[in-house]
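Q: The structure follows.
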Amino acid sequence: MITQAIFRAIDRKAIWLVSILLLVAVAVPAANLIIPPGQFGHIPVYLVTLFGKYLTYAMLALALDLVWGYCGILSLGHGAFFALGGYAMGMYLMRQVGDRGVYANPDLPDFMVFLNWQELPWYWLGFDNFWFACAMVMLVPGTLAFIFGFLAFRSRVTGVYLSIMTQAMTYALLLAFFRNDMGFGGNNGLTDFKEILGASVQADTTRAALFAATAVGLAISVLICSTIVNSKLGKVMIAVRDAESRTRFLGYRVEYVKLFAFTVSAVIAGVAGALYVPQIGIINPGEFAPANSIEVVIWTAVGGRGTIIGPIIGAVLVNVGKSYFTGAFPEIWLFALGALFVVTTLFLPKGIVGLIGQYRTMTTRREQHQRPEPTEHKPASDVQPKPAE
Amino acid sequence: MPVIKPFAILMLLLGLAFAANTPSLAQAPDAELSTLVDALGPGSFKDRTAAIDALTQTGDPRVVPVFETLAAGDLYMVKTSGKVVFIAKSGAEQALTDPVTNADLDTAAKSDLDKVKVNNSLRRTLRTAIGQLTLLSPNDSVRLAAAQSILRDADPDSLELLESAIANETDPTIKATMITARAIIILKLDATSLEQKRAAVPLVAAIGGRDALAQLSAALASAPDELKLTIQSNIDGLARDQAAWDVAQNVWYGISLGSVLLLAAIGLAITFGVMGVINMAHGEMVMLGAYTTFAVQETIRQNAPGLFDYSLAIALPLAFLITALVGIAIERGVIRWLYGRALETLLATWGISLILQQAVRSLFGPTNRQVGNPTWMSGGFELGGISITYSRLWIVVFAAVIFFALLLVLKRTALGLQMRAVTQNRRMASAMGIRTPFVDAMTFGLGSGIAGLAGVALSQIDNVSPNLGQGYIIDSFMVVVFGGVGNLWGTLVGAMTLGIANKFLEPYAGAVLGKIIILVLIILFIQRRPRGLFALKGRSIEA
Amino acid sequence: MTEKIDTMLYLDGVSVAFDGFKAINKLSIIVHPAEMLAIIGPNGAGKTTMMDIITGKTRPDDGEILFNGRTDLTQLDEAAIANLGIGRKFQKPTVFESQTIWDNLEMALRKPRGIFATLFYASDQADVDHITEILETVRLLSRKDDLAADLSHGQKQWLEIGMLLAQDPKLLLVDEPVAGMTDAETVETAKLLKQIAKTRSVVVVEHDMSFVRDLDSRVTCLAEGSVLAEGSLEQVSANPHVIERYLGR
């Protein structure tokens, strides 16, 4: 049954995408490690790390797309799941520092010594173990998403209300993680990592391996998402997006459909965060900032929501642009990003992928297959209650 | 009672401050006074008593510190010149100060100085003399200051003097202060009789506040057993009063915070509630209003400094106009293409907010800008046990005015009527000849303009920086969502509830944790009532 | 009381108010197994609200609603009620426009609705045959791979009826099924509904009197949230109250 579902998911597009990602997973590290510096085709290590960062962002955007593009839930708090996964990995990396910290305390991370803590808080226990940390990377965001989603979807909080609630969630976490007594390093977060699985995080080989792991992780995420959206459940998700109440009258438990998508999406976002942290070398509360989560939305929108490849393209393109602009014209970047939000929503509702699709339909005149715009929005009268009295 | 009493003390304090600034009526020339002071130095105790009498005769308040220093045994005479001085240790040497003019003199080695000697009989004389100069001074404000000082120190030795002062006092306010001071001393002294003490307890309790609480608690330990019960019950009463004042103070802080939230949220309530449009750039409208205030003040500073107190009055209409125009431009340029697509509107307005932030950052720089308070907004006062600053008070008043003005606009004006009509049934309103695009633009302009007004107010209590709006946007949404969409009263109740709840949580949980708790509570609340406190029911809403 | 057990749908004294306005006022209606009931009435009579109450979209303030003589519907939500075997067609045809006609039916097909059952669902030959059969019934077989959005208004009505059939319900609530249909299509629809009503209970809300006549069923006229008249179409349309309040003249 499961193999059948996965098999069905592997349509031509997914095969292409996964193959390309696997190729990238081998080619980029090879170009860094095997081709010597200076020779044509060599990719310097900083670029490997940069590309790795883009791929984790692509994973995050894909996760968001699963809930937004396919299920109509605009989450403005996906950065929180990303950051939680990142913190779980960061805690493992902190434990690997051992007594090589500034205070050389074998039992406590530096910031705890600094705060005069005597012993490791209970929630840090177990993070010495890589596999435990990996489990937490998925469990913590997944559990949060499950609880939040359970409460929100059961009481039918939808549309902009849900968006604002997710934003409030990540904002609350931002405030919480800024506190020193939370035991997550407060303002500075977790940093100064030394080793991952015994290998130095600074080493070229480790960075290449992390890149490969990210590319493979993204490929697996593509497979998972593709399996889901190509299944009957995927069709029900789209049905929920387009006509939620109709889906209910068919006998589907809309809240569980949403809860499933939201939780799976949060887990993928958490894994993306966990892959991000060892490559970037730091995780701090800033990752919870509501602005970060909204930025993810625009990556997805630019690429094209409701498609698997769209968010990946969008995340990479926007972030390449960001890297360029913030380097060359830092003061222009926010103008550009702001304009991107406006232009995308006004002129590119289906993103780049939608644009290509339109171009194709125009050239091949297969007008029948031009899909209508997703109608996750309700008629204006629904969201406009009575006036103030 | 405790309501009135602290207020009276406040008035006394104000009088005291006044007294300190006014030169005393009785002031002798410096040289003459210096000669008299120098007479304290040489000779026997008898000569010194004569010198003290002579100084007391001058009635000059500057004599008092000299007497006090002498009584403490810290007055010195320079051996060579015979000049009497104040000293303070300065390295190996002693720094000398003229006791009359307070001018710095040379330094000298300790060996070059003689202590002006003092004995118990002389100390008594000094105390009486100080009392003469202060408690019995013909100047009301000096007497009051003296009474206040005794009230504060409650030195048992001054009891005798105080008794005579009370007997002579004619001014009822000063007399009351003296009697209260006497009561404190009576409670402190072991020698006083039980009846005296019993009578003193209510007097001390009447001071009210933490001071009375401290005095009575101290007295409780040494009090005779018969009195303990009375004192304890007075302490309990005071503690209850104090707790009530603390609650009142928190309520005030809460109302003040609630007004800020109301100001920030009310424009949002209009655009979100009436139009169903999520305006993520709302916070930036507040920010623009604040920067308008800054620009107005800068212009006034450079061109007409005399107008500074009117800067806010000038900034208010300007801020409203500017932000309303920006709002209309946003509505016409972007939002009207996105009606019915709430999530897209949210994203587009977020983009606009980024552009506005960066624009302001490029124009005014990324750092905080200083916006001054006009004189009528600085300072504060005490109301009973509550301290109130004028800036906060004005913001509460301003928020109330805006709120009711807006209610009037919605209820009584043609635009308000049209806004409500469009809200209830857009197509029908349009069929009846209401120009819905015009109404949309005006509604958005109104909402944005009010955000601009909020910005003027917030510039008085918050840092004016490009990020100003970001800090308010989530809180404002919480207010609107909590209060219920489409109902201004809901917004009011929402803002006040959140403001007060926040301030009550703060002492227990700290500011940040309090805020987190509030956010979590709202998230949970929305589960129970997805449409807020003042939700509208009906078939169309639930569709 | 034995009567209750034998009913498919049993409404007794049901009331609901919106902000003081009584949309449904002490409404009592009975539908027997394998029976068709046509409901007519002026706008605002509470016809759609009645369907909302039965399907769990709106909670009644008061009254008793039983399905199959024993299940209390007032305590269940939409999905649970749908899974009991109550299908609903909306006044405005609501199909999943961005998906194909085949997918619309596949989702409606009576199959386990759980998350994982849906995720790992793979259609077998029986399902394919069943969907094909329904497509033939609603005459959309040739367009099975088209998007539902591309259908005409009448075709969407048919697709929704097809989805109802795929759900295999015991009770069908059909709200204005022939709006936007040609006369020929209307006649076909009446035939189809009568066919369905041989094995299931059907409640039809309709304004089109000739269509109601074609249905040839028991008729209930609603006004202001309660029953105005009951009986055959002839009896109801002869009722002076009905003439005054609804049919006019």
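Q: From the list B:Val396, B:Val401, exactly one residue is assigned to a helix (DSSP H, G or I) and closer than 14 Å to B:Gln460 by Cα. Which is it?
A: B:Val396
Q: Tally time: how many residues in the stretch C:202-249 are touching a residue at least 40 places away in the same chain (Cβ under 8 Å), of a type in the set (Asp, Glu) and under 16 Å from C:Val178 (Cβ atoms)?
A: Total satisfying the criteria: 1.
Q: Quickly run through the stretch B:60-101 and pick out the residues that are over 30 Å from B:Leu136 (Cβ atoms) and among the acidic types (Asp, Glu).
A: B:Glu93 - this is the single residue of the stretch B:60-101 that is over 30 Å from B:Leu136 (Cβ atoms) and among the acidic types (Asp, Glu).
Q: Can you give me the number of residues within the stretch C:109-151 that are within 8 Å of chain A (Cβ to nearest Cβ) and touching a strand residue (DSSP E or B) at 6+ places or on another chain (Cβ under 9 Å)?
A: Looking only at that region, the number is 2.
Q: I've got another one for you. Out of A:Ile294, A:Ile308, report the one residue that is at pLDDT below 95, within 14 Å of chain B (Cβ to nearest Cβ) and either farther than 19 Å from A:Leu76 by Cα or under 19 Å from the mean Cα position of the chain (by Cα) (or both).
A: The unique qualifying residue is A:Ile294.
Q: Which of the residues that make up the stretch A:241-288 are aliphatic (A, V, I, L, M), closer than 30 Å to C:Thr55 by Cβ and out of contact with any helix residue (DSSP H, G or I) (no Cβ under 6 Å at 6 or more places or on another chain)?
A: Those that are aliphatic (A, V, I, L, M), closer than 30 Å to C:Thr55 by Cβ and out of contact with any helix residue (DSSP H, G or I) (no Cβ under 6 Å at 6 or more places or on another chain): A:Ala243, A:Val264.
Q: A further question follows. With the checklist (1) buried (at least 18 other Cβ atoms within 10 Å of the Cβ); (2) of a type outside the set (A, V, I, L, M, F, W, C); (3) under 30 Å from B:Ile207 (Cα atoms) in hand, flag the one item B:Ser387 doesn't pass.
A: Against the list (1) buried (at least 18 other Cβ atoms within 10 Å of the Cβ); (2) of a type outside the set (A, V, I, L, M, F, W, C); (3) under 30 Å from B:Ile207 (Cα atoms), B:Ser387 comes up short only on (1).
Q: Residue by residue through the stretch C:78-96, note down the ones that are aliphatic (A, V, I, L, M) and part of a helix (DSSP H, G or I).
A: C:Ala79, C:Ala80, C:Ile81, C:Ala82, C:Leu84
Q: Okay, next question. Determine which member of the set B:Leu122, B:Leu133, B:Leu113, B:Leu144 is closer than 25 Å to B:Ala54 by Cβ and crowded, with 20+ Cβ neighbours inside 10 Å.
A: Every option except B:Leu133 fails the conditions.
Q: Next up: When you go through C:Thr71, C:Thr58 one by one, which is the residue that is at negative phi, facing another protein chain (nearest Cβ under 9 Å) and at pLDDT below 90?
A: Selected residue: C:Thr58, the only one of C:Thr71, C:Thr58 that is at negative phi, facing another protein chain (nearest Cβ under 9 Å) and at pLDDT below 90.
For every residue, the table says whether it meets (1) within 14 Å of chain C (Cβ to nearest Cβ); (2) more than 30 Å from C:Phe116 (Cα to Cα).
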site	(1), (2)
A:Met165	no, no
A:Thr170	no, no
A:Gly186	no, yes
A:Phe193	no, yes
A:Arg207	no, yes
A:Phe211	no, yes
A:Gly217	no, no
A:Cys225	yes, no
A:Leu233	yes, no
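Q: State which residue is surrounded by the most Cβ atoms within 10 Å (Cβ to Cβ) when the search covers only the stretch B:309-339 and only residues that are within 11 Å of B:Ala441 (Cα to Cα) and without any contact (Cβ under 8 Å) to a residue 12 or more places away in the chain.
A: Filtering first and then ranking leaves B:Ala329.
Q: Report yes if C:Lys198 is assigned to a helix (DSSP H, G or I) and either over 28 Å from C:Gln99 (Cβ atoms) or not hydroxyl-bearing (Ser, Thr, Tyr) (or both), otherwise no.
A: no
Q: I'd like to verify a number: residues in the stretch C:46-89 that are touching a residue at least 40 places away in the same chain (Cβ under 8 Å), buried (at least 20 other Cβ atoms within 10 Å of the Cβ) and charged (D, E, K, R), how many?
A: Residues meeting the conditions: 3.
Q: Quick one: which helices (runs of 4 or more DSSP H) sit completely within the stretch B:140-209 and have at least 2 residues that are among the acidic types (Asp, Glu)?
A: Correct list: B:140-153, B:159-168.
Q: Scan (1) facing chain A (nearest Cβ under 7 Å); (2) crowded, with 21+ Cβ neighbours inside 10 Å; (3) closer than 17 Å to B:Gln470 by Cβ; (4) not aromatic (Phe, Trp, Tyr) for the single condition B:Ala342 breaks and write down its number.
A: Evaluating B:Ala342 over (1) facing chain A (nearest Cβ under 7 Å); (2) crowded, with 21+ Cβ neighbours inside 10 Å; (3) closer than 17 Å to B:Gln470 by Cβ; (4) not aromatic (Phe, Trp, Tyr) leaves (3) as the failure.
Q: Return the only residue of A:Pro349, A:Pro372 being assigned to a loop (DSSP other than H, G, I, E, B), facing chain B (nearest Cβ under 8 Å) and modelled with pLDDT under 90.
A: A:Pro349
Q: What single numbered condition from (1) under 30 Å from A:Phe260 (Cα atoms); (2) of a type in the set (A, V, I, L, M, F, W, C); (3) in a loop (DSSP other than H, G, I, E, B) fails to hold for A:Ala104?
A: The one condition A:Ala104 does not meet is (1).
Q: Could you please find all residues in the stretch C:126-179 being over 26 Å from C:Val31 (Cα atoms) and in contact (Cβ under 8 Å) with a residue 40 or more places away in the chain?
A: Of everything in the stretch C:126-179, those that are over 26 Å from C:Val31 (Cα atoms) and in contact (Cβ under 8 Å) with a residue 40 or more places away in the chain turn out to be C:Arg143, C:Lys144, C:Asp145, C:Asp146, C:Leu147, C:Ala148, C:Ala149, C:Leu151, C:His153, C:Lys156.
Q: Given (1) of a type in the set (S, T, N, Q); (2) more than 30 Å from C:Lys198 (Cβ to Cβ); (3) within 13 Å of chain A (Cβ to nearest Cβ), where does C:Asn25 come up short, assuming only one miss?
A: (3)
Q: Which number in (1) surrounded by fewer than 18 Cβ atoms within 10 Å (Cβ to Cβ); (2) of a type outside the set (Gly, Ala, Ser); (3) within 11 Å of chain A (Cβ to nearest Cβ); (4) farther than 30 Å from B:Ala243 by Cβ marks the one condition that B:Val520 misses?
A: Here B:Val520 clears every test but (4).
Q: Please go through the stretch B:65-88 and pick out each residue that is surrounded by 14 or more Cβ atoms within 10 Å (Cβ to Cβ), over 12 Å from B:Ile52 (Cβ atoms) and within 43 Å of the chain's Cα centre (by Cα).
A: Listed by number, the residues that qualify are B:Pro65, B:Glu68, B:Thr69, B:Asp74, B:Val85, B:Phe86, B:Ile87.
Q: Now for a different question. Please list, ordered by first then second residue, the pairs with beta carbon atoms under 7 Å, 6 or more apart or interchain, first in the stretch A:319-346 and within 10 Å of chain B (Cβ to nearest Cβ), second of a type in the set (Asp, Glu) and surrounded by 15 or more Cβ atoms within 10 Å (Cβ to Cβ).
A: Pairs that qualify, where the first residue is within 10 Å of chain B (Cβ to nearest Cβ) and the partner is of a type in the set (Asp, Glu) and surrounded by 15 or more Cβ atoms within 10 Å (Cβ to Cβ), are A:Thr345/B:Glu344.
Q: Filter the stretch A:114-163 for residues that are under 18 Å from the mean Cα position of the chain (by Cα) and modelled with pLDDT under 95 and give the result.
A: Matches in the stretch A:114-163: A:Phe148, A:Gly149, A:Ser163.
The values are calculated or read from the model by the stated rules, or taken from the named source; none is laboratory data. What you are looking at is a predicted structure, and each value in this text was computed from that prediction instead of being measured. Because the Cβ atoms are built from the backbone with ideal geometry, glycine has one as well, and the counts that use them run over all protein chains shown.
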